[in-house]
Structure formats: C-alpha cells, structure tokens
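This report refers to the structure that appears directly beneath it.
The values are calculated or read from the model by the stated rules, or taken from the named source; none is laboratory data. The shown structure was predicted, so the numbers you read here are calculated from the model rather than taken from an experiment. All Cβ positions, even for glycine, are placed from backbone atoms using ideal geometry, and neighbour counts span all protein chains on display. Just the protein is used for accessible areas: all its heavy atoms, side chains included, with ligands, DNA and RNA removed. Shrake-Rupley method; radii C 1.70, N 1.55, O 1.52, S 1.80 Å.
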Amino acid sequence: ITAVKTQFLSFGGSTLVPSIANELPGMPVKAKTALLEILASRKSKENVDLVLKETDSQEPEVRMAALIALPDLVSGKDLDKLYDLLRRVKTPEELYVVQSSVIAALSGLSKDDQAAAIISKLNNTTGANRSLFYGILAGIGNQRSLKTVTTEFAEGKPELKYKAFEALTKWSDPVGIH
C-alpha cells in the first residue's frame, strides 16, 4: 500500500483525484487511509464532504486518517460541520486535529475575526464543552483570545481550569508570554 501511495503521489494530471474519490468508499481499511492521505496532499477541497463522511468510520485508522486530512481540505463553509465534529472527538489526538481543522477553516479571516468567531461559539456553549474551544483560541493567539482563556482559567469551574491552563501552556504567539 505504501508503495502504491508513493506512486500515486508522483502522478500528475487531473484524473487521479476524481478516481480516488470514486473508489474510496469501497476500499479496505489500509487502502482508505492511503487514499485519504493522497486527497489531503493534493488539497482536494472539492472532496471535503467525502472525507468528513469518513470521520464517522468505525475503523479507528480510517477515522484518524480522515481527521488528519481535514486541515488541508476545509474552508469557512465547513465550520458548522467541524463544530459538530469537535463535540464528537474520542481522544486527545482527535481533539487536537479537529481544533487544527477549525483554525485552518478560519485562516481566511484576520486573527481578530477568527477570535471573535470562536469566542462567539464559546459564549454559546455550556459545561465541559467550553474547553473544546480553548485549544483553538491558543492556536489563533492574539490578545483577545488570551484574555478569554485567562478569564476562563480565573473564573471557570474547577474541571475547566486545567483545560484552560493547558491551552495557555500551548499559546501560539508571543502575546501570551508576558
């Protein structure tokens, strides 16, 4: 499978991606993971819905390969699906990848607009799910995001304080250093 994937990655032309997208649903696990990697490497944004569907796979390898492919494929139009996916993550690794996908989907916006979008989502979220947005804010960086997460740390419920602290330790820009 690795050799075939490497060969596919070396192909040029425009017929490879549609062929992969066509065949993906019927492939065995190892082949699906390889084909998902190819779709991501080719930045096949037109197949994001196909990849999102594979995030529901009962096969952990396929699910993770689909999640890993998403940051290369998503855009702002996929945010609602990503927010839903964020609530369904099963492991810390999945959480990190989905948070990265949200950041990638927001990348066309300014840092302030990115922060505003996530803070709006955070403000409309209750309970433990609030912590799902802390890593996204850390990835965005900027002063507004920092203020939000430090407030969550200072005033949040005990079960959320650790998650806020963890996000603060992973801050993506120098604004959080002082």
Scanning the range 146-167 residue by residue, the ones that are of a type in the set (S, T, Y) and either under 21 Å from the mean Cα position of the chain (by Cα) or crowded, with 18+ Cβ neighbours inside 10 Å (or both) total 1
Is there any pair with a first residue in the range 29-53 that is touching a residue at least 60 places away in the same chain (Cβ under 8 Å) and a second that is open to solvent by 70 Å² or more (accessible area, probe 1.4 Å) and not in a helix (DSSP H, G or I) whose Cβ atoms are under 7 Å apart and which are 6 or more apart or on different chains, and what are they?
-> none
Enumeration of residues in the range 90-145 that are β-branched (V, I, T), more than 11 Å from the chain's Cα centre (by Cα) and more than 15 Å from S172 (Cβ to Cβ) | T91, I119, T125, T126
Check on V51, closer than 21 Å to G141 by Cα and among the β-branched types (V, I, T) = no
Among residues of the range 1-37, those that are within 24 Å of the chain's Cα centre (by Cα), of a type in the set (V, I, T) and either part of a loop (DSSP other than H, G, I, E, B) or modelled with pLDDT of 85 or more (or both), counted | 2
Per-region count, the range 66-76, residues open to solvent by less than 20 Å² (accessible area, probe 1.4 Å) and not small (G, A, S) | 4
Keeping to the range 38-57, report how many residues are in a loop (DSSP other than H, G, I, E, B) and modelled with pLDDT of 95 or more.
-> 3
Is it the case that some residue within the range 104-118 is in contact (Cβ under 8 Å) with a residue 40 or more places away in the chain, within 30 Å of K43 (Cα to Cα), open to solvent by less than 30 Å² (accessible area, probe 1.4 Å) and touching a helix residue (DSSP H, G or I) at 6+ places or on another chain (Cβ under 9 Å)?
-> no
Evaluate the range 43-65: report whether one residue or more is open to solvent by 10 Å² or more (accessible area, probe 1.4 Å) and on the phi > 0 side of the Ramachandran plot.
-> yes
